[in-house]
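Report on the structure given below.
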Amino acid sequence: MRFTRWRDLAATTIIVGLLVNLVVQVSYGSWPPLPLLAGSPLLVLAAVETAFGFSLRARIGRRRNAPPVDALVAARAVALAKATSLAGAAVLGAWLGVAGYLLPRVGTVVAAGADMRSAVAGVLSAAAAVGAGLWLEHCCRTPEDSDDDPRDDWGDDRTNGARG
């Protein structure tokens, strides 16, 4: 399994953002008001994963006589981290697509002002989820993993152009 690549997250965010923006352009007039806390579940998930990451990092590094981590727990944590960062990137794209539609209309459409606050809250929550997923994935690295490995974050070998 490879570490999550930024380009995969960016591609997901951009594609979903463009698709949602098109949907919003066609159907915004028939939408109910967006709830201000619509993105808050991702913020809660981000907080839980961040705390779990700190705990897991201490256990993997065997700090403060922490108990060892079962390999299955670590594998599940990596799967959760990858899923959270990818889902967060998709939701981030969706909120950015909504915000991209609303931003030019905030001064002219009354509903756009309130919905823009919801979109900003959603963007912040989704960005937090992406960050938390990447943090948890980082915390699952073993002490033997080298931070100097050029394949860590990009998924390909930057030193000689070979694919990993």
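Treat every Asp and Glu Cβ in the chain as -1 and every Lys and Arg Cβ as +1, leave all other atoms uncharged, and give the resulting dipole magnitude about the Cα centre to the nearest 20 debye.
Numbers: 16 positive and 14 negative charges, 55 e Å.
Magnitude of the dipole: close to 260 debye.
Along the positive direction of the dipole of the stretch 36-139 (beta-carbon charges: Lys, Arg +1; Asp, Glu -1; about the Cα centre), which of 91, 108, 132 reaches farthest?
Towards the positive end, the residue furthest out is 132.
Just need the relative contact order of the chain here, percent rounded to a whole number, with Cα pairs under 8 Å and 6+ apart.
Relative contact order of the chain: 40 percent.
Show me the ranking of peptides 19-27, 54-62 by mean Cβ neighbours inside 10 Å, starting with the highest.
Per-residue mean Cβ counts within 10 Å order the peptides as 54-62, 19-27.
Arranged by the count of other C-beta atoms within 10 angstrom, fewest first, what order do 40, 30 take? Write down the numbers at each step before the final one.
Values: 40 13, 30 6.
Starting with the residue having the fewest Cβ neighbours, the order is 30, 40.
For the stretch 56-65, in order, what is each residue's ³J(HN,Hα) by Karplus, 6.51 cos²θ - 1.76 cosθ + 1.60 with θ = phi - 60°, in whole Hz (x at glycine and Pro)?
5, 4, 5, 6, 5, x, 6, 7, 6, 6
Based solely on its DSSP helices, what 222 nm [θ] is calculated for the chain when runs of n ≥ 4 H residues each add -39,500 (n - 2.57) and the sum is averaged over all residues, nearest 500 deg cm²/dmol? Write down the numbers at each step before the final one.
Values: 4 runs with 105 residues, N = 164.
Mean residue ellipticity, 222 nm, calculated: -23000 deg cm²/dmol.
Every number here is computed from the coordinates shown, using simple stated rules; none is lab data. On a predicted model such as this, the values are computed, not experimentally measured, just so you know. Quick reminder, even Gly has a Cβ in these numbers, built from the backbone with ideal geometry, and neighbours come from all protein chains shown.
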